[in-house]
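Q: The following block contains the structure, expressed as C-alpha cells.
Just so it is clear, none of the values below were taken in a lab; they were calculated from the coordinates. Because the structure is predicted, anything quoted here is derived from the model rather than measured. When we count neighbours, we look across all protein chains shown, and the Cβ atoms used for this are built from the backbone with ideal geometry, even at glycine.
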Amino acid sequence: MNVHFSVLGPVRGWRGPAELGLGPNQQRAMVGLLLVKANQLVSIDDLMELLWGQDPPGSAVNVIHKYIGAIRRLLEPDLVASDVGIDGGAASAEEAAVHVVNDVDDGIPSED
C-alpha cells in the first residue's frame, strides 16, 4: 500500500486512508527533512544540525538512530528488528545515513 505525505503545515503521512503517527516533534522534523531531500543522502551531521543546531547533546547519535528505526518501522512495518539496526549493534555514521527515495506516482513523467 502506498504511503503519502503532506508537508504544507504540520508534516503528516498516510498509508491508504489511515493516518500514520509520525512520532514526537523531532522525529516528525526528521521525516520532513528526508522528504524535502528526497533522492539525496542525509547525513547524521545534517540531522543533528536540524534537531539541535550547534549544541547537540552527547546522546544525539543514539537519539537519531532511534528515530531512524522508528521511521523505518512506520514506512516498512514488515521489517524485523535486526533489519532496522536496533538489535543492539552499533552502526557507523555512514550506515546510519538515511536515503529516502521519492516514489510518488503523480502521473507526470520524470525529467531525469
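Q: How far apart, in nm, are two points set 7 Å out from the Cα along the Cα-to-Cβ line at Leu50 and at Leu75?
A: Going by the 7 Å Cα→Cβ label model, 1.0 nm.
Q: Same structure, new question: Does anything in the range 22-42 have its amide N under 19 Å from the 7 Å Cα→Cβ label point of Asn62, and if so which residues?
A: 24, 26-27
Q: Compute the distance in nm between two label points, each set 7 Å from the Cα along the Cα-to-Cβ direction, one at Val36 and one at Glu19.
A: 2.2 nm
Q: Per q in 0.25 Å⁻¹, report the Debye log10 I(q)/I(0) for the range 4-68, using one uniform scatterer on each alpha carbon and no solvent.
A: -1.14
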